[in-house]
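Q: Quick one: structure below, then a few questions.
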Amino acid sequence: MRKSLIIIVEDEIEIAMILRELLNAAGFQNILTYDVPLTALQHIQNGLKPAILISNFRMPGMNGVQLLDAVTHLNSAIEGIIITADPDLARAESTRYPILDKTNLTIGKRLIQLVRDRMPEVSLP
């Protein structure tokens, strides 16, 4: 089990729970979810230190790229992953972060692999 913190920011709570369960099943246990990007950003500004932040692209208040840009400005060691139903739009805004298509059936496998590749610990779940 890896212990570094993963944050999921997804305004659709059901999708956030599915992503959390998927990562839990892959051995990742230290996961927080937020449905409001500004709340996640405030917690990181106040000292929360995730290793990875997984964010939906389209959300009220700020999009996932804006959130990840703000977070990585605070701490460049935080890895970001964007999940979206509109990958072309997300890629048009930024190519700095991996972008996963929510509508692609392989999203689960791809997300787990991206998280494993970006997690700072050496041991695998």
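The values are calculated or read from the model by the stated rules, or taken from the named source; none is laboratory data. Please read all numbers here as calculations on a predicted model, not as lab measurements. Here Cβ is always computed from backbone atoms with ideal geometry, including for glycine, and neighbour counts include all displayed protein chains.
Q: Quick check on my filter: what residues within region 41-75 are surrounded by fewer than 19 Cβ atoms within 10 Å (Cβ to Cβ) and either in a loop (DSSP other than H, G, I, E, B) or acidic (Asp, Glu) (or both)?
A: Those that are surrounded by fewer than 19 Cβ atoms within 10 Å (Cβ to Cβ) and either in a loop (DSSP other than H, G, I, E, B) or acidic (Asp, Glu) (or both): Asn46, Gly47, Leu48, Lys49, Arg58, Pro60, Gly61, Met62, Asp69, Asn75.
Q: Looking at Ile13, is it more than 13 Å from the chain's Cα centre (by Cα) and closer than 26 Å to Thr103 by Cα?
A: yes
Q: Quick check on region 9-26. Is at least one of its residues surrounded by 14 or more Cβ atoms within 10 Å (Cβ to Cβ), touching a Gly at 6+ places or on another chain (Cβ under 6 Å) and not in a loop (DSSP other than H, G, I, E, B)?
A: yes
Q: Go through region 76-88 and give me each residue that's acidic (Asp, Glu) and part of a strand (DSSP E or B). First the steps, then the outcome.
A: To start, the set of residues in region 76-88 that are acidic (Asp, Glu) comprises 79, 86, 88.
Correct list: Glu79 only.
Q: Scan region 89-107 for residues that are of a type in the set (Asp, Glu) and at pLDDT 90 or above and jot them down.
A: Selection gives Asp101 alone.
Q: Next up: Among the numbered criteria (1) of a type in the set (Gly, Ala, Ser); (2) more than 22 Å from Arg116 (Cα to Cα); (3) surrounded by 14 or more Cβ atoms within 10 Å (Cβ to Cβ); (4) modelled with pLDDT under 95, which single criterion is violated by Ser4?
A: The one condition Ser4 does not meet is (2).
Q: Restricting the search to region 29-40, which residues are of a type in the set (A, V, I, L, M, F, W, C) and crowded, with 22+ Cβ neighbours inside 10 Å?
A: Across region 29-40, the qualifying residue is only Ala40.
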